[in-house]
Amino acid sequence: MEKMSMNSNLIFGAGSIDALAAFNGKRVAVITDPIMTKNGVADSATGLMGCGKEAVFDKIEPDPTLEQVAECCAFVESLNADIVVALGGGSAIDTVKAVVLVLLGKGRKVYFVAVPTTAGTGSEVTNYTVVKDVSVGRKIPLSDDRMIPDMAILDYTLTKTVPKTVTAFTGMDVITHALEAYVAVNASAISDAYAEKALRLAFANLHDAYLRGDEDTPRENMMMASYLAGLAFTKAGLGICHSISHALGAAFRIPHGEANAITLPHVIAFNSGLDVPFGADKSSSAVRYAEAARIIGLPAAGTRLAVQYLVRELENLNNKLGIPKTLMQLGINSADFKERRAGIIESVLKDGCTAANPVQPDAGHVGKILDKIFG
Ligand SMILES: NC(=O)c1ccc[n+]([C@@H]2O[C@H](COP(=O)([O-])OP(=O)(O)OC[C@H]3O[C@@H](n4cnc5c(N)ncnc54)[C@H](O)[C@@H]3O)[C@@H](O)[C@H]2O)c1
Ligand SMILES: [Fe+2]
């Protein structure tokens, strides 16, 4: 039996941040990162809600930690806020998700509004957050439907200031969400519908958003793709590309989307059996990847060829977006990699995303994938 609820309100389109005016006069807390204060977006948000700078916590850093969640929680409690607005990328939204859960544990329900400024993690619609436990050096994914924002405001104009590298990384995160959801163990016709549209939009628009970030159409389409891919994986689950990316992010501080982009071609080869002679002709995930290749318009007759085209398309896209092929090219040295390799494998096998992968890997499989990623 499967269960699905879609009870968050969605407001989207250019200028939709104005919807925050509905909270004017309420007790509000805005959780954001320093860039949103610098570029004036935090001020616009507080202006719309009729509150001052004292309602803004702008210390969110990439990859939230348990300490950051605790600090943020204390801030929301100090304001006795009823409405919490997360304004930023996945890091701001994920922090607030964890805060919402902690407050629920204390018997307090806040109304949670997510305003993403990257496209993105899809965190504005997912039941999933990733928090880093610095004491053990691990990024821990948690999922709970009670963390799904009550309202998501998708104003793509906010993403026009995203720097090129962040556009590339977050866009590859979108593609990874859609592809992992498409082959995940719980994929269904419903999650497929979201994943397929996300794939079409992202492959057609990511490079344009990267080259011409101030244009409306690519930014709007990437924001929609991000939301749809978030819906897809919140229904279907992710896979070991995310498990590996969480572990690499924690070990070497590689941005989430960049780690996914480097890892994804190798995970597709493993899942589909492309690295085994005739493997990709037989495996059921190979058939799904071949379908995904056709959805994005790649010419592909047989299954194996289609999967090979998909892998090549991803490698070409990474290249056009300036994303390196290996960890070595990122400057990670071999001694560091060797020292952490066993810990990374252990983390990947324990990660909550691994269970949704279409093929259950063992330590040897993960090690082989990691060695390829290292280069
Ligand atoms: N909850 C989920 O469903 C989910 C899914 C995937 C990833 N994640 C997590 O989300 C985090 C990554 O989020 P992200 O990729 O959105 O990046 P981010 O939130 O860490 O932001 C990356 C950088 O971009 C800057 N930035 C954000 N918006 C901007 C804008 N409009 N203009 C200029 N600069 C801007 C930020 O200040 C930051 O320096 C990771 O911790 C990852 O593990 C969560
Ligand atoms: Fe992701």
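The values are calculated or read from the model by the stated rules, or taken from the named source; none is laboratory data. As the structure is a prediction and not an experimental result, all values here were calculated from the model. Glycine also receives a Cβ, built like all others from the backbone with ideal geometry; neighbour counts cover every protein chain displayed. Surface areas here come from the heavy atoms of the whole protein model, side chains and all, with no ligands, DNA or RNA. Shrake-Rupley method; radii C 1.70, N 1.55, O 1.52, S 1.80 Å.
Net charge of the neighbourhood of TYR289, taken over other residues with C-beta under 15 Å away and scored Lys/Arg +1, Asp/Glu -1, is -3. Checking every one of the chymotrypsin sites (Phe, Trp or Tyr not before Pro) in segment 266-296 against DSSP loop status and a limit of 10 other Cβ atoms within 10 Å picks out PHE278.
Please list 83-95, 299-311 highest first by mean number of surrounding beta-carbon atoms within 10 Å per residue.
On the way: 83-95: 28.2, 299-311: 18.5.
Highest mean packing first, the order is 83-95, 299-311.
Taking the Cα centre of segment 223-325 as origin, sum charge times position over the Cβ atoms of Lys and Arg (+1) and Asp and Glu (-1), and report the length of that vector in debye to the nearest 20. Intermediate results must be reported in sequence, preceding the final value.
Details: 9 positive and 6 negative charges, 14 e Å.
Using Cβ point charges on Lys, Arg, Asp and Glu, segment 223-325 gives about 60 debye.
In percent, rounded to a whole number, the relative contact order of segment 146-252 is 36, using alpha-carbon pairs under 8 Å and six or more apart. Taking the Cα centre of the chain as reference, the dipole from Cβ charges on Lys and Arg (+1) and Asp and Glu (-1) amounts to some 440 debye. When the Gaussian network model of the chain links Cα atoms closer than 10 Å, the mean-square fluctuations of THR161, THR32, THR234 top out at THR161.
Summarising the label geometry, the points placed 7 Å from Cα in the beta-carbon direction at ASN39 and ASN319 lie 3.0 nm from one another. Annotation: extensible slack from ALA363 through LYS109 equals 87.3 nm (criterion: 0.36 nm per residue apart, minus Cα-Cα distance). Between the residues GLY120, SER284, THR176, the greatest Cα displacement towards the positive end of the dipole of the chain, with unit charges on the Cβ of Lys, Arg, Asp and Glu, is found for SER284. Ordering PRO64, GLN329, ALA45 by the projection of their Cα atoms onto the charge dipole of the chain, which places +1 on the Cβ of Lys and Arg and -1 on the Cβ of Asp and Glu, puts GLN329 at the extreme positive end. Restricting the calculation to Cα atoms, segment 102-250 yields a radius of gyration followed by a Dmax of 15.4, 47 Å. For the pair ASN24 and PHE252, label points projected 7 Å from Cα toward Cβ lie 5.1 nm apart. Between segment 300-375 and segment 108-140, the alpha-carbon centres lie 24 Å apart. Sorted on the mean count of surrounding Cβ atoms within 10 Å across their residues, most packed first, peptides 11-22, 144-155 read 144-155, 11-22. Of the accessible area of the chain, computed with a 1.4 Å probe over protein heavy atoms only, carbon and sulfur atoms account for 55 percent. Normalised by the number of residues in segment 1-127, the mean separation of alpha-carbon contacts (under 8 Å, six or more apart) gives a relative contact order of 25 percent. Across the alpha-carbon atoms of the chain, the computed radius of gyration and Dmax are 20.0, 65 angstrom.
Dipole magnitude for segment 1-155: computed about the Cα centre from +1 point charges on Lys and Arg Cβ and -1 point charges on Asp and Glu Cβ, it is near 280 debye. Normalised by the number of residues in the chain, the average gap of Cα pairs under 8 Å and 6 or more apart makes the relative contact order 14 percent. Which residue fluctuates the most in the chain, going by a Gaussian network model with Cα springs under 10 Å, if the choices are VAL267, VAL162, VAL276? Result: VAL276 has the largest fluctuation of those listed.
Grab the beta carbon distance between ARG294 and MET1, set R0 = 41 Å, and tell me the FRET efficiency rounded to 0.05.
0.85
Have a look at GLY13, VAL85, VAL311 and report the one farthest towards the positive end of the charge dipole of the chain, computed about the Cα centre with Cβ charges (Lys/Arg +1, Asp/Glu -1). It is VAL311, whose Cα lies furthest towards the positive end.
Computed packing ranks the peptides 313-319, 175-181 as 175-181, 313-319, most packed first, by mean other Cβ atoms within 10 Å.
Residues in the chain average 40 Å² of solvent-accessible surface per residue, probe 1.4 Å, ligands and nucleic acids excluded.
Membrane-span-like helices of the chain, defined as complete DSSP H segments with a Cα extent of 27 Å or more along the helix axis and a mean Kyte hydropathy of at least 0.5, are identified as 164-183.
Scanning residues 5 or more positions from GLY88 or on other chains, those with amide H under 5 Å from its amide H are VAL115, THR117, with H placed 1.01 Å from N in the peptide plane.
Cross-link list LYS53/LYS97; LYS53/LYS109; LYS3/LYS59; LYS132/LYS320; LYS139/LYS338: which exceed 26 angstrom alpha carbon to alpha carbon? Each step should come with its number before you reach the end.
Numbers: LYS53/LYS97 22 Å; LYS53/LYS109 23 Å; LYS3/LYS59 37 Å; LYS132/LYS320 31 Å; LYS139/LYS338 20 Å.
In this structure, LYS3/LYS59; LYS132/LYS320 exceed 26 Å between Cα atoms.
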